[in-house]
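In what follows, a single structure is set out as structure tokens and then discussed.
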Amino acid sequence: MSTDWVFGYGSLTADARDGHAAVLRGYRRRWGVAMDNSRDLPGYKWYRQRATGERPAVFVAFLDLVADRDGSAVNGLCLPVDAPLLERLDARERNYERVDVTTAIEAPRGRVWTYVGSRAARARLARGLRERRAVVSQEYVDDVEHGFRRLGDGQLDAYRACTEPLPPGCETLSLERIDLPG
């Protein structure tokens, strides 16, 4: 059995087939990072509007964690990982930095990691909000909520209760994700 874990608090809950519900203490969940939808990065993604097929020149926002000493906590999923999976997650989570949160979570034995927004990804969201070009994909919202629903009784309600609302000026759009080859 793995001795390393990743705490997922957003889209990782939707994708996971293993793991168990967990609570991370000392963090807040918010919409805190974004990608620039006008850039093509090999092995990454971009979005187009479902209704028109257009690729909007927007900054697509995603969930983030921020350290908080006021007794905050967020629910999520502890996912067992081995070295190859951790390497794949590091590549996938390119808007984030992996941090050790072992002491902030009750989990089986081993090290627990999570991903917090990188300075650059947080700056992209700030720019998108300033320019009124920050959006969230409705599909992302739906996938995350589906993941929390699958975690069991009360998990979706807990997710909603401890997730900050969208920043003012950030709208939700029906976007289709397009994965780029590596």
> How many residues are within 14 Å of N75 (Cβ to Cβ) and surrounded by fewer than 19 Cβ atoms within 10 Å (Cβ to Cβ) when one looks only at segment 17-31?
Replying inline: 6
>> Criterion first (in a helix (DSSP H, G or I) and of a type in the set (S, T, N, Q)) does T103 satisfy it?
In response: yes
>> For the list (1) modelled with pLDDT of 95 or more; (2) in contact with a strand residue (DSSP E or B) (Cβ under 6 Å, 6 or more places away or on another chain), I need the number of the one condition that T52 fails.
In response: (2)
>> Condition check: among the charged types (D, E, K, R) and crowded, with 16+ Cβ neighbours inside 10 Å. Does E131 satisfy that?
In response: no
> Do we find a residue being without any contact (Cβ under 8 Å) to a residue 12 or more places away in the chain, closer than 24 Å to D68 by Cα and surrounded by 12 or more Cβ atoms within 10 Å (Cβ to Cβ) anywhere in segment 147-155?
Replying inline: yes
>> With the requirement that a residue be assigned to a loop (DSSP other than H, G, I, E, B) and either hydroxyl-bearing (S, T, Y) or without any contact (Cβ under 8 Å) to a residue 24 or more places away in the chain (or both), what does segment 83-100 give you?
In response: E93
> Here is a list of conditions, (1) at pLDDT 95 or above; (2) surrounded by 15 or more Cβ atoms within 10 Å (Cβ to Cβ); (3) not in a strand (DSSP E or B); (4) not charged (D, E, K, R), and T13 meets all of them except one; can you say which number that is?
Replying inline: (1)
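State whether the residues of segment 29-36 include one that is of a type in the set (F, W, Y), at pLDDT below 95 and either at negative phi or more than 16 Å from the chain's Cα centre (by Cα) (or both).
No: segment 29-36 contains no residue that is of a type in the set (F, W, Y), at pLDDT below 95 and either at negative phi or more than 16 Å from the chain's Cα centre (by Cα) (or both).
Within segment 66-73, is even one residue touching a Cys at 6+ places or on another chain (Cβ under 8 Å) and not in a strand (DSSP E or B)?
Within segment 66-73, one or more residues are touching a Cys at 6+ places or on another chain (Cβ under 8 Å) and not in a strand (DSSP E or B).
For segment 67-95, name all the residues that are surrounded by 13 or more Cβ atoms within 10 Å (Cβ to Cβ) and closer than 22 Å to R160 by Cβ. Even if it seems obvious, please write down each step before you answer.
Residues of segment 67-95 that are surrounded by 13 or more Cβ atoms within 10 Å (Cβ to Cβ), as a first pass: 68, 72-81, 85-86, 89-90, 92-95.
Listed by number, the residues that qualify are D68, S72, A73, V74, N75, G76, L77, C78, L79.
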>> The conditions are (1) free of Cβ contacts under 8 Å to residues at least 60 places away in the same chain; (2) among the basic types (K, R); (3) in a strand (DSSP E or B), and R48 fails exactly one of them. Which is it?
In response: (1)
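Among the listed residues A161, A126, which satisfies the condition of being among the hydrophobic types (A, V, I, L, M, F, W, C) and loosely packed, with under 14 Cβ neighbours inside 10 Å?
Going through A161, A126 in turn, just one is among the hydrophobic types (A, V, I, L, M, F, W, C) and loosely packed, with under 14 Cβ neighbours inside 10 Å: A161.
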> Inside segment 112-182, counting only helices (runs of 4 or more DSSP H) that do not spill past its ends, which hold 1 or more residues that are touching a Ser or Thr at 6+ places or on another chain (Cβ under 7 Å) and modelled with pLDDT under 95?
Replying inline: 138-151
>> Which residue is nearest to P181 (Cα to Cα), if the candidates are limited to segment 108-121 and must be surrounded by fewer than 18 Cβ atoms within 10 Å (Cβ to Cβ) and either in contact with a Cys (Cβ under 8 Å, 6 or more places away or on another chain) or in contact (Cβ under 8 Å) with a residue 60 or more places away in the chain (or both)?
In response: S118
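The values are calculated or read from the model by the stated rules, or taken from the named source; none is laboratory data. Just so we're clear, the structure is a prediction, and the values are computed from it rather than from any experiment. In this analysis, Cβ positions are derived from the backbone assuming ideal geometry, glycine residues included, and neighbour counts consider all displayed protein chains.
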